[in-house]
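Please read the structure below before turning to the comments.
The values are calculated or read from the model by the stated rules, or taken from the named source; none is laboratory data. Everything numeric here is computed off the predicted structure, so don't read it as measured data. Neighbour counts run over all protein chains shown; Cβ positions are idealised from the backbone, glycine included. For the accessible areas, the whole protein counts, side chains as well, though only heavy atoms, and no ligand, DNA or RNA atoms are used. Shrake-Rupley method; radii C 1.70, N 1.55, O 1.52, S 1.80 Å.
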Amino acid sequence: MKKRRLSILIFGVALGCTALQAPGHAQNVVVIVNSGVRETAASRDDIRAIFTGDKSSLGDGSRVTPVTLKGGPAHEAFLKTYVGKGDAAFRTGWRNLVFTGQGSMPKMFDSEAALVDYVAATPGAIGYVSKATDVGKAKTLAVR
Amino acid sequence: MFRRLSILASLCACAGAMLAQDLSTIQIHGFATQGFLYSSSNNYLSANTSAGSLAWNDGAVSVSDSLSDKLRVGIQLHVYQLGDLGGPTLQVDWATGDYKLNEHFGFRAGKFKIPIGLFNDSQDVDAVHLWALLPQSIYPNDNRSVTLSAMGGEFYGRAKLEKNAGTLVYRAYAGYRPLDLNGGYVKSLDLDLAALDVEFGLPVTLVSDAPPGNIFGGDVRWQTPLKGLLVGFSAFDQDIHGSGGAIVFRVARNTVTQQYAQFERGKFFVAAETRRMPVTTFATVTTAGGPVLIPDPLDWRSWYVMTGYRMSEKLQLGTYYSRFADAGAGAGKDPARISNCSRDWTVSARYDFNSYFYGKLEEHFFLRQAGRALRPRHRSRLLRRLEPERREAAVQRSGGQDRIQLLARFED
């Protein structure tokens, strides 16, 4: 029994070390906000906190509401670059907030175009799209 | 005496969690889970697990609406069945008005989930955990309703510390909560009361009245500068009251403390918690000769360490070791003695078939079950506080053994 426990423990530590060595992902997404948001830049920590439901405002106090893509390369790149989680872990975090009464699920979009349209039209909305996507009347937020 | 208990728990759950309908700002979410429990010997959690049991399910629906960017209201209804616990009655899991003035200050009023440690407020939300059963030393399934939520209010907020020292997240609350008459805590009290009733020659009664007991406390967690490392501390003060027939019981005001740490990086996480609960239960039995007071001092100390790894987007594996001991302050209890402690070594796997449906497979290697609301061959704790000869007589006469078998269904 002791041998089995030891094996499981070693397995867990080994997997952990592997995870810690995972390479980062290139930034190929941009964060966009409604043009009514005064702030022009945000820290990486703030973006992470906003998209995990920990925070609801930018550095200058501007209230923001996150919206996300349902999936796709831009969604995956954003999560890996800014949130540090995969999609399953990201959704689980939001479910935790929803089912404990601490937050509301972000609105999710099938396409980047739909997300851009929503952000452009909704005060306080904040989202992300591929660098190549036309952000229209939405504003690009610099991430420091 | 020494018994190793192995349990295989398989949970196939449909988290219709994200079957959300956006009606403007109104959100509706729900989940439903169905579990299967099988134990290699003995029964567990009041279900007939040695034969395999499906008597384990949970479901909830929440509705919330953002009335403004600062004010949100919502309610969640919950129903569960675990062996003989729970039932078809819908319970309000939480129902709050939530006003968030800014990042530093927000306030919730109504029925709110109590923040204690890493998982107390989410222990009835299976969809968010890798585990089918959280570490039972700190989050016992058959006892969870006692600290799950309260009527009252809480304030919450977060503050970024100077010099990149991380962020403090804080919550403080005060309220009250009645006992769940279908929960494991009350069911175990029923057994205590029945045994005492027989001992004193009184008609056997169940807990009929469990008025609100007060609870207040707080939780502070430090998101450290080391990305992914969280350290926290929770404390709460509580009391519990109730009665059944000629017996009035009271859990004296006591303070529970809990410390925890969690490190999460990419696909890997590790977490640990420790809890101490020194508490004394008093039963006052009204007899023809006057009231008899029976105190039962406990000092419950629990801890666990867990780790997990996400092999892929769909598959997550993990393991934990959980330990409980009753040091019984003032009662001469030896926490090292096997009858006063329990251990659980667990391995678990979760597979997400898609965003809405998942399954879990989990195996536990238990050693004893001290500290559970419903233990193997449940013997009244209060009854043990009586003199040995009166105690044995009461057990033999109680007829409570039948009910004990019904509730705990453990066999040697």
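Where does each of A:Lys55, A:Lys131, A:Lys137 land when they are ordered by accessible area, with a 1.4 Å probe and the largest first?
Details: A:Lys55 35, A:Lys131 130, A:Lys137 170 Å².
From most exposed to least exposed: A:Lys137, A:Lys131, A:Lys55.
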Solution diffusion estimate, µm²/s, Stokes-Einstein, the stretch A:84-144, Kirkwood Rh from C-alpha pairs, 20 °C, viscosity 1.002 mPa s:
161
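How large is the dipole of the stretch B:68-213 about the Cα centre if only Lys and Arg carry +1 and Asp and Glu carry -1, each at its Cβ, rounded to the nearest 20 debye?
920
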Taking the Cα centre of the stretch B:154-219 as the origin and placing charges on Cβ (Lys, Arg +1; Asp, Glu -1), which of B:Ala159, B:Tyr170, B:Leu206 is farthest toward the positive end of the dipole?
B:Ala159
If you put +1 on each Lys and Arg Cβ and -1 on each Asp and Glu Cβ, how big is the dipole of the stretch A:47-110 around its Cα centre, in Debye rounded to 20?
100
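Cα convex hull of the stretch B:85-168: mean projected area in nm², to one decimal?
7.5
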If every alpha-carbon in the stretch B:168-260 counts as one equal scatterer, what log10 I(q)/I(0) does Debye give at q = 0.12, 0.14, 0.15, 0.20 1/Å?
-0.53, -0.64, -0.69, -0.93
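Take the cross-link list A:Lys131/B:Lys227; A:Lys55/A:Lys107; A:Lys137/B:Lys160 and give me the ones stretching past 28 Å between alpha-carbons.
On the way: A:Lys131/B:Lys227 26 Å; A:Lys55/A:Lys107 16 Å; A:Lys137/B:Lys160 32 Å.
Table pairs above 28 Å Cα-Cα are A:Lys137/B:Lys160.
Given charges of +1 on the Cβ of Lys and Arg and -1 on the Cβ of Asp and Glu, with all other atoms neutral, how large is the dipole of the stretch B:28-121 about its Cα centre, in debye to the nearest 20? Write out the running numbers ahead of the final one.
Working: 6 positive and 8 negative charges, 31 e Å.
The calculated dipole for the stretch B:28-121 is roughly 160 debye.
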Taking the stretch A:32-92 and dividing mean pair separation by its residue count, relative contact order in percent (alpha carbons under 8 Å, at least six apart):
27
How many angstrom lie between the Cα centre of the stretch B:44-100 and the Cα centre of the stretch A:108-144?
36
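Which net charge results when you count Lys and Arg as +1 and Asp and Glu as -1 among the other residues whose beta-carbon is under 14 Å from that of B:His241? Before the final figure, lay out the partial values.
Values: positive: B:Arg177, B:Arg250, B:Arg253; negative: B:Asp209, B:Asp239.
Neighbourhood net charge equals +1.
Using the Kirkwood radius over C-alpha pairs as Rh, can you work out the diffusion coefficient of the stretch B:103-218 via Stokes-Einstein at 37 °C, viscosity 0.692 mPa s, in µm² per second?
On the way: Rh = 16.7 Å.
Value of D from the Cα-based Kirkwood radius: 196 µm²/s.
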Å³ per residue enclosed by the Cα convex hull of the stretch B:58-111:
86
Once a ≥ b ≥ c are taken as the square roots of the eigenvalues of the Cα gyration tensor of the stretch A:68-109, is the result rounded (a/c under 1.5), prolate (a/b larger than b/c) or oblate (a/b not larger than b/c)?
prolate
Cα centroid of the stretch B:123-167 to Cα centroid of the stretch B:211-241, whole Å
8
